[in-house]
Amino acid sequence: MTEQANKETKNTNEETEEIKDAQTAETVADTSEAPETDKTAAPDSEALLKKIAEQTAEIDSLKKQSDDFNNRLLRTQADFDNFRKRTTKEKADSRKFRAQDLVSDILEIVDNFQRALAVETVSEEGQSLKKGMEMLLSKLENALKKEGVEEIPSLHQPFDPNVHQAVMQEESAEHESGTVIQVLQAGYTLNGRVIRPAMVKVSS
């Protein structure tokens with residue numbers, strides 16, 4: 001019995017030693033493989049960082065292109081708005097001043113009527129003719145007003161080179177220097193634009 005027990009104890013010790021040797025071998029194997037894993041991981045990290053850098057650069061490039069496109073779009077929109085406003089104004093001006101040439105011709109007729117009416121007449125026939133001319137002149141003036149024609153206020157007004165054309169000067173004790181003392185030919189505007197300055201005499 002004692003000999004058999006010794007054999008079993010010996011076998012158990014041998015098995016224990018084998019297990020320890022196996023564990024030691026596994027530990028050594030793990031230790032020897034670890035550096036190889038680190039060597040493989042390092043290149044992967046560098047590749048990942050490089051890829052991130054490339055993608056970041058690509059994103060920055062796309063952002064710059066997007067900003068440039070937005071700026072060009074804004075400039076194009078601004079140019080189009082300016083073009084649209086300019087075109088709209090030109091069309092409006094065209095409508096407002098389409099009759100300027102015709103109005104200028106009619107104003108010459110008005111001038112002739114006014115000169116004729118300024119002539120004194122005492123005969124009954126002359127008075128009748130004068131009334132007829134006054135009616136025609138009134139109709140012409142009303143038609144001109146509908147088109148936006150206005151007479152420029154001039155008499156006893158300060159001389160304004162923008163709307164007056166001084167053709168004569170005369171000393172006057174009754175008026176300040178630079179005052180319109182006589183209108184030789186009426187001036188007119190068409191929708192606010194001077195189409196004919198008033199010809200005036202100015203005090204000096």
Exercise. Can you spot a residue in the stretch 141-159 that is exposed (fewer than 11 other Cβ atoms within 10 Å of the Cβ) and over 45 Å from the mean Cα position of the chain (by Cα)?
Worked result: no
Exercise. Of everything in the stretch 100-135 that's touching a Lys or Arg at 6+ places or on another chain (Cβ under 9 Å) and not in a helix (DSSP H, G or I), which residue is surrounded by the fewest Cβ atoms within 10 Å (Cβ to Cβ)?
Worked result: VAL119
For this session: Please go through the stretch 100-139 and pick out each residue that is among the hydroxyl-bearing types (Ser, Thr, Tyr) and closer than 14 Å to TYR188 by Cβ.
Result: SER104
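Can you tell me which residue is surrounded by the most Cβ atoms within 10 Å (Cβ to Cβ) among those in the stretch 171-204 that are among the charged types (D, E, K, R) and part of a strand (DSSP E or B)?
Looking only at the stretch 171-204, we keep the residues that are among the charged types (D, E, K, R), and these are 171, 174, 176, 193, 196, 201.
Pick out the ones that are also part of a strand (DSSP E or B) and you get 193, 196, 201.
Working: ARG193: 12, ARG196: 20, LYS201: 18.
By that ranking, first place goes to ARG196.
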Exercise. Is it true that some residue in the stretch 61-79 is in the same structural domain as THR189 (by TED's automatic domain parsing), part of a helix (DSSP H, G or I) and either among the small types (Gly, Ala, Ser) or modelled with pLDDT under 85 (or both)?
Worked result: no
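Residue-by-condition table, conditions (1) farther than 29 Å from GLU141 by Cβ; (2) over 46 Å from the mean Cα position of the chain (by Cα):
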site	(1), (2)
MET168	no, yes
SER172	yes, yes
HIS175	no, yes
THR179	no, no
ALA186	no, no
LEU190	no, no
ARG196	no, no
SER203	no, yes
Seminar exercise, completed: Among (1) hydroxyl-bearing (Ser, Thr, Tyr); (2) part of a loop (DSSP other than H, G, I, E, B); (3) without any contact (Cβ under 8 Å) to a residue 12 or more places away in the chain; (4) closer than 30 Å to SER94 by Cβ, SER138 falls short only on (2)
Exercise. Looking at (1) outside any helix (DSSP H, G or I); (2) loosely packed, with under 10 Cβ neighbours inside 10 Å, which is the one condition that is false for SER94?
Worked result: (1)
Problem set entry | Failed item in (1) touching a strand residue (DSSP E or B) at 6+ places or on another chain (Cβ under 9 Å); (2) closer than 29 Å to ARG98 by Cα, with VAL180 passing the rest | (2)
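The values are calculated or read from the model by the stated rules, or taken from the named source; none is laboratory data. What you are looking at is a predicted structure, and each value in this text was computed from that prediction instead of being measured. For neighbour counting, all protein chains shown are included, and Cβ atoms are generated from backbone atoms with ideal geometry for every residue, glycine included.
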